[in-house]
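Data block below; observations after.
The values are calculated or read from the model by the stated rules, or taken from the named source; none is laboratory data. Remember, it's a predicted structure, so these values are computed and weren't measured experimentally. Glycine gets a Cβ as well: all are built from the backbone with ideal geometry, and neighbour counts include every protein chain shown.
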Amino acid sequence: MGFEYAPAPESRSIVDIKPSYGLFIGGEFVEGSGASFKTINPATEETLAEVAQADEADVDRAVRAARQAFRGWSRMPGSERAKYLFRIARIIQERGRELAVLETIDNGKPIKESRDVDVPTAAAHFFYYAGWADKLEHAGLGANPQPLGVAGQVIPWNFPLMMLAWKIAPALACGNTVVLKPAETTPLSALLFAEICQQADLPPGVVNIVTGAGATGQALVAHPDVDKVAFTGSTAVGKQIARTVAGTNKKVTLELGGKAANIVFDDAAIDQAVEGIVGGIFFNQGHVCCAGSRLLVQESIAEELLGRLKRRMGTLRLGDPLDKNTDIGAINSAEQLARITELAGAGDDEGAERWSPACELPTSGFWFPPTVFTGVTQAHRIAREEVFGPVLSVLTFRTPAEAVEKANNTPFGLSAGVWTEKGSRILHMADKLRAGVVWANTFNKFDPASPFGGYKESGYGREGGRQGLASYLQGEDL
Ligand code: TAP
């Protein structure tokens, strides 16, 4: 049985969604070539707005605007560039409620997450990189750091504003100008960010936003006057981009998929670990590249831990993303829901055991209940492929060596988690795990000062921290 809910009307009135949006080029909203697409609220399937679809000529206009702005922006003293970044950071904070509500309506994520994670982390990134803009020569990246030029940036739909901040803040701090393409299903927060750039009096052309689908991203990545490509998204598209830029002099960073192991040893504080497991996989409906989608639990505590995990899952509230008590919001699109459904079906077919708490799903919109599979083997598709949804696969291990072997048995290497009371074990595991980020007794924690990025098929280059500056400066590969 499904249920109908009335989305909280007072939240909706906080944000002014226009019926249609153009492209943001040269500091102004301009018409595109004419084509457009609809963006919808995935929790209700209501159309939110008609958004311009940028074609190759539009992308070219945006790149030219960025090139023209580069001259002034790159020569501006770092201390002046910093003022703009600080201003943007403050406006993000001031307009935080509006941004959070818009992000939740366009993406489907719970408002408590957009309010407490996405928006503050986006502001924190601008504050952090504003601090670097006049100190680049002290970053250990050479005495006279020089920007690359025009950066073409393509981002996914799971953290639209946060990914935008991860891309734009370091690029601007280093003196580059940018053309950014948000994902087709979540363009609205990037367009509100464009308004914020206007409000901050950012010089025209320093930030340009081109909306559209994969073809728009492809046109941006392939544009001959783009010096730097920064991409976050799937490994399949990442490989395609690497092929597109091969043989050119473009610099590239790729932040791709993951299949993180969240490893719980028998000496771990179990309730704390259960919270970490729940946050690791159900945060943002599991639409998280670094989600702890494989739980590796030591055999001796597996039964006890699973009992507690299921009890905790029974308390998760799924429903209206604008309700402050909601833990699990909507799946971002019909397409993503179909993928999750297909992979979970493969879990059943391959003999794993599926469990979800009793959970009513709303009658419209895209939803998937929090789900755990036990009896999973390493050969199962749900243990190997990225589900990008609220689906946890549980495997067991006996010894630390077996945990390391199973955790590393994946083509990905973005993140991992370790739960243990032993400090020496944390250091040992961090050393052995082939993952860009290893969390200990916590999970899914983000900080602008920490570098983030993958091993193996999870990509290359780092975002965040001092290391995140390197990929926007000449000759400074870390
Ligand atoms: P993708 O389908 O790869 O899309 C990412 C972005 O690339 C979107 O803006 C997309 O446009 C665009 N795009 C699609 N085809 C393109 C092409 N041929 N050339 C250039 N751009 C193209 O990924 P997604 O489904 O949005 O996001 C989920 C994936 O992102 C997951 O694999 C996840 O792990 C990964 N992710 C990784 C990280 C990090 S930091 N490693 C963070 C978040 C997400 P459209 O949306 O319009 O198709």
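Report whether or not L343 is within 15 Å of the ligand (Cβ to nearest atom) and either in a helix (DSSP H, G or I) or modelled with pLDDT of 95 or more (or both).
yes
Of all residues in region 215-230, those that are over 24 Å from F37 (Cα atoms) have Cβ atoms under 9 Å from Cβ atoms of residues that are polar (S, T, N, Q) and within 9 Å of the ligand (Cβ to nearest atom), 6 or more apart or on another chain, in V229/T244. Under the condition of being more than 9 Å from the ligand (Cβ to nearest atom) and not in a loop (DSSP other than H, G, I, E, B), the residues counted in region 230-269 number 12. When you scan region 88-99, do you find a residue that is surrounded by 21 or more Cβ atoms within 10 Å (Cβ to Cβ) and under 15 Å from A171 (Cα atoms), even just one? Among the residues of region 88-99, at least one is surrounded by 21 or more Cβ atoms within 10 Å (Cβ to Cβ) and under 15 Å from A171 (Cα atoms), which makes the answer yes. Evaluating D225 against the criteria (1) under 24 Å from G27 (Cβ atoms); (2) touching a strand residue (DSSP E or B) at 6+ places or on another chain (Cβ under 8 Å); (3) within 15 Å of the ligand (Cβ to nearest atom) leaves one unmet condition, (3). Taken residue by residue, region 293-304 has at least one member that is crowded, with 23+ Cβ neighbours inside 10 Å and within 16 Å of the ligand (Cβ to nearest atom).
Under the condition of being farther than 30 Å from R12 by Cβ, in a helix (DSSP H, G or I) and of a type in the set (A, V, I, L, M), the residues counted in region 95-149 number 2. The requirement of being under 24 Å from G453 (Cβ atoms) and modelled with pLDDT of 95 or more is satisfied by T244.
Tell me the residue from G152, G175 that is touching a Lys or Arg at 6+ places or on another chain (Cβ under 9 Å) and away from the ligand (no atom under 16 Å from the Cβ), please. Matching residue, one of G152, G175: G175. Residues that are within 16 Å of the ligand (Cβ to nearest atom), of a type in the set (D, E, K, R) and within 30 Å of P321 (Cα to Cα) occur in region 385-407; there is at least one. On the stretch given as region 173-221, residues that are surrounded by fewer than 21 Cβ atoms within 10 Å (Cβ to Cβ) and polar (S, T, N, Q) total 3. Among the residues of region 292-315, are any among the hydrophobic types (A, V, I, L, M, F, W, C), touching a residue at least 24 places away in the same chain (Cβ under 8 Å) and assigned to a loop (DSSP other than H, G, I, E, B)? No, region 292-315 contains no residue that is among the hydrophobic types (A, V, I, L, M, F, W, C), touching a residue at least 24 places away in the same chain (Cβ under 8 Å) and assigned to a loop (DSSP other than H, G, I, E, B).
Yes or no: region 358-377 includes at least one residue that is over 26 Å from L316 (Cα atoms), modelled with pLDDT of 95 or more and assigned to a loop (DSSP other than H, G, I, E, B). Within region 358-377, one or more residues are over 26 Å from L316 (Cα atoms), modelled with pLDDT of 95 or more and assigned to a loop (DSSP other than H, G, I, E, B).
Per-residue answers, yes or no, for (1) part of a strand (DSSP E or B); (2) β-branched (V, I, T); (3) under 24 Å from G454 (Cβ atoms); (4) more than 11 Å from the ligand (Cβ to nearest atom):
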position: A169; (1), (2), (3), (4): no, no, yes, yes
position: C197; (1), (2), (3), (4): no, no, no, yes
position: A215; (1), (2), (3), (4): no, no, no, no
position: L220; (1), (2), (3), (4): no, no, yes, no
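Note on region 116-140: residues that are of a type outside the set (F, W, Y) and in contact (Cβ under 8 Å) with a residue 60 or more places away in the chain amount to 7.
Given the criteria in contact (Cβ under 8 Å) with a residue 12 or more places away in the chain and farther than 28 Å from I281 by Cα, does R71 qualify? Show your work before the answer.
Working: in contact (Cβ under 8 Å) with a residue 12 or more places away in the chain: no; farther than 28 Å from I281 by Cα: yes.
Here the answer is no, as R71 does not meet what is asked.
The condition of being in contact with a Phe, Trp or Tyr (Cβ under 8 Å, 6 or more places away or on another chain), outside any loop (DSSP other than H, G, I, E, B), on the phi < 0 side of the Ramachandran plot and surrounded by 24 or more Cβ atoms within 10 Å (Cβ to Cβ) does not hold for A435.
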